[in-house]
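Below is one structure; the comments refer to it alone.
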Amino acid sequence: MALRLVSVSRETEARLAIFVELLDRWRGKTNLIADSTFPTVWTRHIADSAQLIALAPDARRWVDMGSGAGFPGLVIAIQLVDVPGAIVHCIESDGRKCAFLREAARATGAAAQIHALRVEAIAPESLGPVDAVTARAFAPLPMTLKLARPWIERGAIAVFPRGESARGQIDALPDARAYAIESLPSVVNPKAAILRIRQG
(Lines give C-alpha, C1' and ligand atoms only; values in the text may rest on other atoms or scores of the structure.)
Protein backbone atom coordinates (compact mmCIF):
# COMPACT_ATOMS: atom_id res chain seq x y z
CA MET A 1 0.00 0.00 0.00
CA ALA A 2 1.07 3.59 -0.62
CA LEU A 3 -0.87 5.14 2.25
CA ARG A 4 2.43 5.89 4.00
CA LEU A 5 2.39 8.90 1.65
CA VAL A 6 -0.70 10.31 3.38
CA SER A 7 -1.94 10.18 6.96
CA VAL A 8 -5.09 8.13 7.57
CA SER A 9 -6.41 6.20 10.56
CA ARG A 10 -6.52 2.41 10.69
CA GLU A 11 -10.30 2.59 10.43
CA THR A 12 -10.07 4.70 7.29
CA GLU A 13 -7.49 2.35 5.79
CA ALA A 14 -9.83 -0.58 6.46
CA ARG A 15 -12.70 1.21 4.71
CA LEU A 16 -10.44 2.01 1.78
CA ALA A 17 -9.49 -1.67 1.55
CA ILE A 18 -13.21 -2.54 1.28
CA PHE A 19 -13.51 0.06 -1.47
CA VAL A 20 -10.56 -1.41 -3.40
CA GLU A 21 -11.99 -4.92 -3.06
CA LEU A 22 -15.31 -3.72 -4.52
CA LEU A 23 -13.47 -1.89 -7.28
CA ASP A 24 -11.68 -5.10 -8.21
CA ARG A 25 -14.99 -6.99 -8.36
CA TRP A 26 -16.79 -4.37 -10.42
CA ARG A 27 -14.09 -3.14 -12.78
CA GLY A 28 -14.54 -5.88 -15.38
CA LYS A 29 -18.19 -5.14 -16.00
CA THR A 30 -18.21 -1.37 -15.66
CA ASN A 31 -14.83 -0.23 -17.06
CA LEU A 32 -14.24 1.77 -13.87
CA ILE A 33 -10.46 2.05 -14.32
CA ALA A 34 -7.97 0.73 -16.85
CA ASP A 35 -6.87 -2.82 -16.02
CA SER A 36 -3.26 -1.71 -16.43
CA THR A 37 -3.57 0.70 -13.48
CA PHE A 38 -5.13 -1.69 -10.97
CA PRO A 39 -1.83 -3.20 -9.73
CA THR A 40 -0.84 0.30 -8.60
CA VAL A 41 -4.31 1.32 -7.41
CA TRP A 42 -3.13 2.25 -3.91
CA THR A 43 -0.61 4.74 -5.26
CA ARG A 44 -2.10 5.88 -8.53
CA HIS A 45 -5.68 6.27 -7.36
CA ILE A 46 -6.14 5.95 -3.58
CA ALA A 47 -3.16 7.94 -2.26
CA ASP A 48 -3.41 10.40 -5.15
CA SER A 49 -7.00 11.13 -4.10
CA ALA A 50 -6.45 10.95 -0.32
CA GLN A 51 -3.81 13.70 -0.40
CA LEU A 52 -6.35 16.30 -1.54
CA ILE A 53 -8.14 16.62 1.78
CA ALA A 54 -5.03 18.19 3.34
CA LEU A 55 -5.24 21.05 0.84
CA ALA A 56 -8.67 22.07 2.16
CA PRO A 57 -8.43 20.84 5.77
CA ASP A 58 -11.44 22.76 7.07
CA ALA A 59 -13.76 21.67 4.25
CA ARG A 60 -16.59 19.37 5.33
CA ARG A 61 -18.91 19.73 2.33
CA TRP A 62 -17.37 18.76 -1.01
CA VAL A 63 -18.50 18.45 -4.61
CA ASP A 64 -16.73 15.95 -6.90
CA MET A 65 -17.48 16.63 -10.56
CA GLY A 66 -17.44 13.54 -12.77
CA SER A 67 -16.80 11.07 -9.95
CA GLY A 68 -16.29 8.05 -12.22
CA ALA A 69 -14.93 5.21 -10.08
CA GLY A 70 -14.93 7.40 -6.97
CA PHE A 71 -11.62 9.22 -7.38
CA PRO A 72 -11.29 11.48 -5.57
CA GLY A 73 -14.84 11.92 -4.23
CA LEU A 74 -15.49 8.56 -2.59
CA VAL A 75 -11.98 8.43 -1.12
CA ILE A 76 -12.56 11.86 0.46
CA ALA A 77 -16.00 10.74 1.68
CA ILE A 78 -14.38 7.74 3.38
CA GLN A 79 -11.84 10.04 5.04
CA LEU A 80 -14.69 12.22 6.35
CA VAL A 81 -16.81 9.40 7.82
CA ASP A 82 -16.35 10.56 11.42
CA VAL A 83 -16.57 14.31 10.75
CA PRO A 84 -19.93 15.75 11.89
CA GLY A 85 -21.92 17.30 9.05
CA ALA A 86 -19.54 16.06 6.35
CA ILE A 87 -20.89 15.21 2.91
CA VAL A 88 -19.33 14.66 -0.51
CA HIS A 89 -21.66 15.19 -3.46
CA CYS A 90 -20.45 12.77 -6.15
CA ILE A 91 -21.79 13.86 -9.54
CA GLU A 92 -21.62 11.23 -12.29
CA SER A 93 -23.77 10.81 -15.41
CA ASP A 94 -22.94 7.14 -16.14
CA GLY A 95 -25.61 4.97 -14.55
CA ARG A 96 -23.36 1.92 -14.13
CA LYS A 97 -20.71 3.96 -12.36
CA CYS A 98 -23.40 5.48 -10.14
CA ALA A 99 -24.53 1.97 -9.18
CA PHE A 100 -20.95 1.16 -8.17
CA LEU A 101 -20.59 4.42 -6.23
CA ARG A 102 -23.81 3.75 -4.29
CA GLU A 103 -22.70 0.22 -3.44
CA ALA A 104 -19.24 1.42 -2.40
CA ALA A 105 -20.71 4.21 -0.25
CA ARG A 106 -23.04 1.71 1.45
CA ALA A 107 -20.27 -0.85 2.07
CA THR A 108 -17.78 1.66 3.46
CA GLY A 109 -20.17 4.00 5.27
CA ALA A 110 -18.75 6.86 3.22
CA ALA A 111 -20.23 10.32 3.76
CA ALA A 112 -21.33 10.50 0.13
CA GLN A 113 -24.44 11.42 -1.82
CA ILE A 114 -24.53 10.18 -5.41
CA HIS A 115 -26.12 12.36 -8.10
CA ALA A 116 -26.81 10.55 -11.39
CA LEU A 117 -26.63 13.69 -13.50
CA ARG A 118 -24.32 15.70 -15.68
CA VAL A 119 -22.61 18.51 -13.77
CA GLU A 120 -24.30 21.05 -16.04
CA ALA A 121 -27.70 19.79 -14.87
CA ILE A 122 -27.00 20.50 -11.19
CA ALA A 123 -28.29 23.75 -9.74
CA PRO A 124 -25.37 24.73 -7.48
CA GLU A 125 -27.64 26.14 -4.79
CA SER A 126 -29.53 22.82 -4.62
CA LEU A 127 -26.58 21.18 -2.86
CA GLY A 128 -26.53 23.70 -0.04
CA PRO A 129 -23.29 25.19 1.28
CA VAL A 130 -20.15 23.81 -0.38
CA ASP A 131 -16.67 24.28 1.07
CA ALA A 132 -14.59 22.61 -1.64
CA VAL A 133 -14.99 21.39 -5.21
CA THR A 134 -12.76 18.88 -6.96
CA ALA A 135 -12.43 16.89 -10.17
CA ARG A 136 -9.86 14.37 -11.37
CA ALA A 137 -9.35 13.21 -14.97
CA PHE A 138 -12.56 15.03 -15.82
CA ALA A 139 -12.14 17.71 -18.50
CA PRO A 140 -9.67 20.31 -19.77
CA LEU A 141 -8.93 22.94 -17.13
CA PRO A 142 -10.97 25.76 -18.75
CA MET A 143 -14.11 23.59 -18.80
CA THR A 144 -13.46 22.20 -15.32
CA LEU A 145 -13.08 25.73 -13.96
CA LYS A 146 -16.16 26.95 -15.80
CA LEU A 147 -18.30 24.22 -14.25
CA ALA A 148 -16.80 24.80 -10.79
CA ARG A 149 -17.18 28.58 -10.95
CA PRO A 150 -20.63 28.78 -9.29
CA TRP A 151 -19.25 27.11 -6.18
CA ILE A 152 -15.98 29.06 -6.23
CA GLU A 153 -17.94 32.31 -6.46
CA ARG A 154 -19.85 31.21 -3.36
CA GLY A 155 -16.59 30.80 -1.43
CA ALA A 156 -15.57 27.20 -2.13
CA ILE A 157 -11.93 26.22 -2.61
CA ALA A 158 -11.23 24.26 -5.80
CA VAL A 159 -8.68 21.44 -5.60
CA PHE A 160 -7.78 19.97 -8.99
CA PRO A 161 -5.01 17.40 -9.68
CA ARG A 162 -3.64 18.44 -13.08
CA GLY A 163 -0.58 16.28 -13.74
CA GLU A 164 2.80 17.41 -15.03
CA SER A 165 1.49 20.03 -17.48
CA ALA A 166 -0.29 22.20 -14.92
CA ARG A 167 1.79 25.32 -15.58
CA GLY A 168 0.91 25.34 -19.27
CA GLN A 169 -2.74 24.74 -18.44
CA ILE A 170 -2.77 27.79 -16.15
CA ASP A 171 -1.04 29.93 -18.77
CA ALA A 172 -3.69 28.94 -21.31
CA LEU A 173 -6.60 30.03 -19.11
CA PRO A 174 -8.31 33.07 -20.64
CA ASP A 175 -9.55 34.31 -17.25
CA ALA A 176 -6.72 33.23 -14.93
CA ARG A 177 -6.55 36.68 -13.32
CA ALA A 178 -10.07 36.23 -11.98
CA TYR A 179 -8.73 33.60 -9.59
CA ALA A 180 -6.06 33.12 -6.95
CA ILE A 181 -4.28 30.00 -8.21
CA GLU A 182 -1.65 28.02 -6.31
CA SER A 183 0.28 25.17 -7.92
CA LEU A 184 1.31 22.60 -5.30
CA PRO A 185 3.39 19.43 -5.75
CA SER A 186 1.71 16.05 -5.49
CA VAL A 187 3.06 13.84 -2.70
CA VAL A 188 2.55 10.85 -4.99
CA ASN A 189 4.39 12.31 -7.98
CA PRO A 190 6.42 15.46 -7.22
CA LYS A 191 6.53 16.29 -10.94
CA ALA A 192 2.74 16.52 -10.98
CA ALA A 193 0.82 19.47 -9.61
CA ILE A 194 -2.40 20.03 -7.74
CA LEU A 195 -4.07 23.37 -8.29
CA ARG A 196 -5.73 25.08 -5.34
CA ILE A 197 -7.97 27.83 -6.63
CA ARG A 198 -9.98 30.54 -4.89
CA GLN A 199 -11.97 33.48 -6.13
CA GLY A 200 -9.53 36.30 -6.92
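The values are calculated or read from the model by the stated rules, or taken from the named source; none is laboratory data. This one's a predicted model, so the numbers in the text were calculated from it and none came from an experiment. Glycine gets a Cβ as well: all are built from the backbone with ideal geometry, and neighbour counts include every protein chain shown.
Of note:
- For residue 33: the one exception among (1) assigned to a loop (DSSP other than H, G, I, E, B); (2) modelled with pLDDT of 95 or more; (3) crowded, with 16+ Cβ neighbours inside 10 Å: (2)
- Every residue from segment 148-177 that is modelled with pLDDT of 95 or more, hydrophobic (A, V, I, L, M, F, W, C) and either more than 13 Å from residue 135 (Cα to Cα) or assigned to a helix (DSSP H, G or I) (or both): 148, 151, 152, 156
- Scanning segment 103-113 for residues that are touching a residue at least 60 places away in the same chain (Cβ under 8 Å), of a type outside the set (A, V, I, L, M) and assigned to a strand (DSSP E or B) turns up nothing.
- Against the test of being of a type outside the set (Phe, Trp, Tyr), in contact with a Cys (Cβ under 6 Å, 6 or more places away or on another chain) and modelled with pLDDT of 95 or more, the options 91, 87, 114, 53 yield a single qualifying residue, 114.
- Scanning segment 116-147 for residues that are surrounded by fewer than 21 Cβ atoms within 10 Å (Cβ to Cβ), in a helix (DSSP H, G or I) and either in contact (Cβ under 8 Å) with a residue 40 or more places away in the chain or aromatic (Phe, Trp, Tyr) (or both) turns up just one, 127.
- Any hit, segment 78-86, residues being under 15 Å from residue 49 (Cα atoms), polar (S, T, N, Q) and assigned to a loop (DSSP other than H, G, I, E, B): no
- Residues (outside any helix (DSSP H, G or I) and either within 15 Å of residue 71 (Cα to Cα) or hydroxyl-bearing (Ser, Thr, Tyr) (or both)) located in segment 1-30: 7, 9
- Within segment 187-200, residues that are over 12 Å from residue 158 (Cα atoms) and touching a residue at least 40 places away in the same chain (Cβ under 8 Å) sit with their Cβ atoms under 8 Å from residues that are surrounded by 13 or more Cβ atoms within 10 Å (Cβ to Cβ) and of a type in the set (A, V, I, L, M, F, W, C), at 6+ positions apart or across chains, in these pairs: 187/5; 187/6; 187/47; 188/2; 188/5; 188/47.
Per-residue answers, yes or no, for (1) farther than 20 Å from residue 132 by Cα; (2) in contact with a Pro (Cβ under 8 Å, 6 or more places away or on another chain); (3) in contact (Cβ under 8 Å) with a residue 40 or more places away in the chain:
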{"position": "16", "(1), (2), (3)": "yes, no, yes"}
{"position": "24", "(1), (2), (3)": "yes, no, no"}
{"position": "39", "(1), (2), (3)": "yes, no, no"}
{"position": "49", "(1), (2), (3)": "no, yes, yes"}
{"position": "62", "(1), (2), (3)": "no, no, yes"}
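- Residue that is farthest from residue 62 (Cα to Cα) [pool: residues in segment 89-115 that are surrounded by fewer than 19 Cβ atoms within 10 Å (Cβ to Cβ) and of a type in the set (Lys, Arg)]: 96
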